[in-house]
Every structure is written in C-alpha cells, then in structure tokens.
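Asks: I have a structure I would like to understand better, so I am pasting it below and will then ask my questions one at a time.
FYI, it's all coordinate maths here, none of it is from the lab. Computed from a predicted model, the values in this text were never measured in an experiment. Using ideal geometry, Cβ is built from the backbone for each residue, glycine included, and neighbour counts are taken over all protein chains shown.
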Amino acid sequence: MTTEDKKVIITIDEVDYTEDQLTDSQKMMINHINSLQQKINSAEFNLDQLKVGKDAFVNLLTTSLKTEE
C-alpha cells in the first residue's frame, strides 16, 4: 500500500469519516478547528512561561526585600 492509498480518518462524535466523505466547507471547518487548537496550545504554553517568569520575579523581589532588612 502506498501513501496515496492511505485515507485519512476523521472521527467526529465517535463517527469515522474519510476526507472524500466531507464537503469542501466541512474540510475548511476542520482546518480552522485544527489551526485554532494549535493557537490554543501555543497560548497555553506562552501563559505557562509568563506565569513562571512572574513567579521568578516575585521570588527575586521577596529575596531582595528580605536582604535589605
């Protein structure tokens, strides 16, 4: 079987669909969903970095204030 023979299976609400069963509009919606999921994942990753960075600065400030006392 070549890669051309392999069909992509898309599962929605526990029902499997092949790409040829979908309309162009449905394929576009799936592309948007995938793109949005990637953006959500990226935003969550960035948020984690921001939280850790903020915590580091809070710790630096707290340490700095304690050493001045």
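Asks: Looking at the structure I just gave you, is SER64 within 30 Å of ILE9 (Cα to Cα) and not charged (D, E, K, R)?
Replies: no
Asks: I'd like the full set of residues that are among the β-branched types (Val, Ile, Thr) and surrounded by 10 or more Cβ atoms within 10 Å (Cβ to Cβ), limited to the stretch 17-48.
Replies: Across the stretch 17-48, the qualifying residues are THR18, ILE30, ILE33, ILE40.
Asks: Quick one: is LYS51 loosely packed, with under 10 Cβ neighbours inside 10 Å, in a helix (DSSP H, G or I) and out of contact with any His (no Cβ under 7 Å at 6 or more places or on another chain)?
Replies: Considered against the rule, which asks whether it is loosely packed, with under 10 Cβ neighbours inside 10 Å, in a helix (DSSP H, G or I) and out of contact with any His (no Cβ under 7 Å at 6 or more places or on another chain), LYS51 comes out as no.
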